[in-house]
Amino acid sequence: MPRYPDPYRQPSGQKKRAPAPKKPASQPSRHTAHPQASRTKQSAPRPQAKAQPQKQPVRTQSVKKPPVKQQPKQESRRSYSSLLLYLWIAMAFPELVLHLSTAKSSEMLLNSGLLLGAVFAALPAAVMFVLCTSLGKGLNRALSVLYGAVCFLLCASQLVYYRIFGTFYTFFSMTNGAGAFQFGATILSAVKKNLVTLLLMAIPLLTMLLGGRRRYYFRPRRKLLPKLAVLLAAIVLNIVAVSALPMFGGRDDTSAYGLYHNASDAYLGVNRLGLFTAFRLDMMRTITGSGAEGSIELGDPIPMETTEPPVENQFLTPEEPAETDPLVTEPTVPVTTAPPETTEPPITWDTSPNVLSIDFDSLIAAEDSKSVKEVHQYFASRTPSNKNEKTGMFKGCNLILITAEAFSHLAVDQELTPNLYMLMNEGFRFTNYYVPDWGVSTTDGEYAHLTGTIPKDGVWSFKRSAGNLMPLTMNQQLLKLGYNSYAYHGHTYTYYDRDKYLTNLGYNYKGLGNGLQVKKTWPESDVEVVDLSTADFTGSEPFSVYYMSISGHREFTFGGNYIASKNKEHVADLPYSSNVRAYLATQLELEWALGLLLQRLEEAGVLENTVIVLTADHYPNGLTPEELGELLGHTPEGNFEIYRNGAFIWKHGMTPETIDAPASHLDLLPTLSNLFGLEFDSRLYMGRDVFSDAPALVMFRNRSWITEEAQYNSQTRKAEFYGAAGTDDAYVKAINSEVGNRFAVSTRILENDYWRILFGE
């Protein structure tokens, strides 16, 4: 055995290295050693060799080399972490910008979606992290870029849509929105106005595109355990967040919990759950057909009595219309300040309930579907309204229903729009009337007042109803009495599938490209529509006619709107901004169309037997609140006042009357059914006959409401009571429950083809 250890012998477990390792620090250079030293297994002991094992242990090499191998691993861990952070920010940051830029109030700004949007973004980020570290380097990078682009585009498109329509689009609208490209100028204008915000949203995507190769590590990560740990942590966080939803406003349908499990509302969903969660839920419900129906809670009906006596109907004193327009129909009703004195006994009328013979008990007992059975139970529990002095007032009359595109009572002026002024002031005039802006503004507005039910959020309700039985609409009721029916729209006849759902309502429908050859402009002329259509029905009494106008459509500019440009000179001197004057110019086309309609009806000798009804589809959402405020006198409040509008029910020679109680376009169908003396069931509508004893209830898309007692803002969860009523939590709870019921029932009517179940074929 040698006395001294061999300095070149490798430690056990290591491969033998080539001779001539690095000399110990005491050696000046390897080149000073004799060449034979590398071949000699053991040399004679020398003082230098004696110290060599102490100065140059083999472990010195093993200590220096591992850091060289570990350095790439440390760098890759930092790069993987930054990639995971990017994937989270790519979703959370654009959504944060969207939330901050669309919140309507400080309460909505600080809503739960601000937090939950970031929390729920963790799970998609973790899933993408697993994918983006499992494929090839190029595919991983491409997938990361694609993910960031999708997140940006969804948020950006939602922002643009919100700026145009005041709400967010749904998955159904996205998949059925090819027709939206007809409005490219409107979209481009909204993009230009919000360019700074859109660029801010794009920061994560731009970071990836410009510096992704240097910042993020895209090589496949073969170790599975760290990736599974990230995914598991995100899943646990998601479960905890879902379990904690009742902490954010309870469990009602407008809370984060209710919107996640039961109800659907695009705007509230974004604000209380975050965009991507709300959109994911909507997409899943649409694809699977298991849309949120909402909960039905049967309890005590809403109170019938008010704290103050109902406002009595008052007679208006009609003013002489302007003499400058030959199409104005002169009033024939003498002006009176009080009803004439009479000695005759008071007239009595039938006050029996407006109901049909429906055996709900038998239907409930025979029904297997829980969803349908609960609707039976709800209708059976409702108190019907009674017939009244207005019942049958218009029995046998012709009917013309008009949905006026973006109409507002603020555009009505005695000198500028004398026909509209006369119609609104010489019939049933609504002074506390609201047109809520539903999810798909125009067609949902049509659906609300033509069917008397609330549009379902997330779909195009009229399109969805095209195959359903719809027996309660005015046209279907009048068809049973032998009426001739017609419908007209000046734009593309297939848009929103009007050719399907108006035909399903029993109308003989004409539109651009299908029998109504108006000049193709944007928008088209309502005057031309009336001119080409009146000959169809004026000689075929009794008739039921429906017009969906088009001339009042946005964009309200003189450069991009044909009707505004056409009528520009008539509004040139008005003291408003350019956009407001452009809007008023579009309403002049409606004014002249109505004048022509009155003239044609009079020439045909059918004017005195015709009832004309007009309501808006939505407020002029092409104007900003500030621009709308130019007409109003102040910027309108954004939850109630902005939806306040006007409507009229007019017949030549009738006594003018004002309806001051809160009302909406949901109330028109039951009101008209009563005025025409039809056999109908008042329990089956989501609105009421405004002349009945039923309590007034105006509902908005976000579940806010107005009654004769109070108004409730679902966004702030605050109720404001009128007069000395004070605060009544039980009353608010009861109305909230009833509002939730009506939304849920409306959804189930649509999805289950409920009227076919109730009435059969």
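The values are calculated or read from the model by the stated rules, or taken from the named source; none is laboratory data. Small disclaimer: the values here were computed from a predicted structure and weren't measured. Counting neighbours? That spans all protein chains shown, and the Cβs are built from the backbone with ideal geometry, glycine included.
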When only residues in region 712-740 that are of a type outside the set (A, V, I, L, M, F, W, C), touching a Gly at 6+ places or on another chain (Cβ under 8 Å) and in a helix (DSSP H, G or I) count, which is nearest to T167 (Cα to Cα)? G740
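With the requirement that a residue be in contact with a strand residue (DSSP E or B) (Cβ under 6 Å, 6 or more places away or on another chain) and either assigned to a loop (DSSP other than H, G, I, E, B) or of a type in the set (D, E, K, R) (or both), what does region 698-711 give you?
Filtering region 698-711 down to residues in contact with a strand residue (DSSP E or B) (Cβ under 6 Å, 6 or more places away or on another chain) leaves 698-699, 704-706, 710-711.
Residue satisfying the conditions is S704 alone.
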Within region 499-522, of all residues that are in a loop (DSSP other than H, G, I, E, B) and more than 29 Å from the chain's Cα centre (by Cα), the one surrounded by the most Cβ atoms within 10 Å (Cβ to Cβ) is V518
What single numbered condition from (1) modelled with pLDDT of 50 or more; (2) surrounded by 15 or more Cβ atoms within 10 Å (Cβ to Cβ); (3) more than 30 Å from L115 (Cα to Cα) fails to hold for A366? (2)
Among the residues of region 409-416, is any under 26 Å from R703 (Cα atoms) and either out of contact with any His (no Cβ under 8 Å at 6 or more places or on another chain) or part of a helix (DSSP H, G or I) (or both)? yes
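Tally the residues that are outside any helix (DSSP H, G or I) and either farther than 12 Å from L83 by Cα or modelled with pLDDT of 95 or more (or both), restricting the search to region 123-145. Show your work before the answer.
Start the filter on region 123-145 by keeping residues that are outside any helix (DSSP H, G or I), which leaves 132-136.
Filter once more, so that each one left must be either farther than 12 Å from L83 by Cα or modelled with pLDDT of 95 or more (or both): 134-136.
Residues in region 123-145 being outside any helix (DSSP H, G or I) and either farther than 12 Å from L83 by Cα or modelled with pLDDT of 95 or more (or both): 3 in total.
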Can you tell me which residues in region 141-159 are of a type in the set (G, A, S) and in contact with a helix residue (DSSP H, G or I) (Cβ under 7 Å, 6 or more places away or on another chain)? S144, G148, A149, A156
Of all residues in region 83-122, which are within 19 Å of the chain's Cα centre (by Cα), surrounded by fewer than 23 Cβ atoms within 10 Å (Cβ to Cβ) and not in a helix (DSSP H, G or I)? A103, K104, S105, S112
Could you list all residues from region 177-211 that are at pLDDT below 85 and either in contact with a Leu (Cβ under 9 Å, 6 or more places away or on another chain) or outside any helix (DSSP H, G or I) (or both)? G177
Would you say E541 is surrounded by fewer than 20 Cβ atoms within 10 Å (Cβ to Cβ), among the charged types (D, E, K, R) and part of a loop (DSSP other than H, G, I, E, B)? yes
Could you say which residue among E569, E589 is at pLDDT 95 or above, surrounded by fewer than 20 Cβ atoms within 10 Å (Cβ to Cβ) and part of a helix (DSSP H, G or I)? E569
Residues being closer than 17 Å to T175 by Cβ, surrounded by 20 or more Cβ atoms within 10 Å (Cβ to Cβ) and hydroxyl-bearing (S, T, Y): count how many of those fall in region 247-297. 1
What number of residues in region 557-566 are surrounded by fewer than 24 Cβ atoms within 10 Å (Cβ to Cβ) and either at pLDDT below 95 or of a type outside the set (S, T, N, Q) (or both)? 6
Condition (residue is within 28 Å of R285 (Cβ to Cβ) and in contact with a strand residue (DSSP E or B) (Cβ under 8 Å, 6 or more places away or on another chain)) applied to region 131-154: is it met by at least one residue? no
Regarding region 477-498, can at least one residue be identified that is at pLDDT 95 or above, charged (D, E, K, R) and outside any helix (DSSP H, G or I)? yes
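Taking only region 486-506 into account, find how many residues are under 18 Å from G452 (Cβ atoms) and either polar (S, T, N, Q) or touching a Phe, Trp or Tyr at 6+ places or on another chain (Cβ under 6 Å) (or both).
If we filter region 486-506 for residues that are under 18 Å from G452 (Cβ atoms), which is where we start, we get 487, 501-502, 504-506.
Right, trim to either polar (S, T, N, Q) or touching a Phe, Trp or Tyr at 6+ places or on another chain (Cβ under 6 Å) (or both) and you get 487, 501-502, 504.
Within region 486-506, residues that are under 18 Å from G452 (Cβ atoms) and either polar (S, T, N, Q) or touching a Phe, Trp or Tyr at 6+ places or on another chain (Cβ under 6 Å) (or both) number 4.
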Of the conditions (1) of a type in the set (S, T, N, Q); (2) within 30 Å of H491 (Cα to Cα); (3) more than 15 Å from the chain's Cα centre (by Cα), N238 clears all except one; give me its number. (2)
Considering region 269-293 alone, what residues qualify as being in contact with a Leu (Cβ under 9 Å, 6 or more places away or on another chain) and at pLDDT 85 or above? G269, V270, N271, R272, L273, G274, L275, F276, T277, A278, F279, L281
L574 - would you say it is over 19 Å from Q414 (Cα atoms) and either in a helix (DSSP H, G or I) or of a type in the set (A, V, I, L, M) (or both)? no
